[in-house]
1. Starting from the Cα-Cα distance between Asn2 and Asn43, subtract it from 0.36 nm times their residue separation and give me the gain in nm to one decimal.
2. How big is the dipole moment of the chain about its Cα centre under a simple scheme where the beta carbon of each Lys and Arg is +1, that of each Asp and Glu is -1, and everything else is neutral? Debye, nearest 20, please.
3. When only C-alpha pairs under 8 Å and at least 6 residues apart count, what is the relative contact order of region 7-62, in percent?
4. As a test of the formula, what do you get for the chain when each DSSP H run with n ≥ 4 contributes -39,500 (n - 2.57) and the sum is divided by the residue count, at 222 nm and rounded to the nearest 500 deg cm²/dmol?
5. Grab the eigenvalues of the alpha-carbon gyration tensor for the chain, scale each by 5, take roots, and send me the semi-axes largest first in whole angstrom.
6. Just tell me which aspartates and glutamates come within less than 13 Å, Cα to Cα, of Lys68; anything on the same chain fewer than 8 places away is out.
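Bear in mind these aren't lab numbers, they're just calculated from the coordinates by the rules spelled out. Small disclaimer: the values here were computed from a predicted structure and weren't measured. For neighbour counting, all protein chains shown are included, and Cβ atoms are generated from backbone atoms with ideal geometry for every residue, glycine included.
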Amino acid sequence: MNAEDLQQSDREILEELRKGRCTPAALTDWTSISKQTVHNRLNILVAAGHVEKIHGSGLYQLVDDPEKSN
């Protein structure tokens, strides 16, 4: 997944994760994205290697920003 493949919801999630680690609930509160979409898009971003879940904490963090990689 590269920058051209990102959906608007991905961009909003990545913008918040650039500020620091976040829970899905916080991402839902801070964006215009539904809880289910946040969950789905986080799974896709994790599978693509851009975001990782910190085991046991419920937090997600950015590890490879697709908008900054080019």
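1. Additional length available on full extension: 13.2 nm.
2. Here the chain has a charge dipole of around 260 debye.
3. Computed over region 7-62, the figure is 40 percent.
4. Result for the chain: -13500 deg cm²/dmol, rounded to the nearest 500.
5. Semi-axis lengths for the chain are 17, 14, 11 Å.
6. List returned: Glu4, Glu15.
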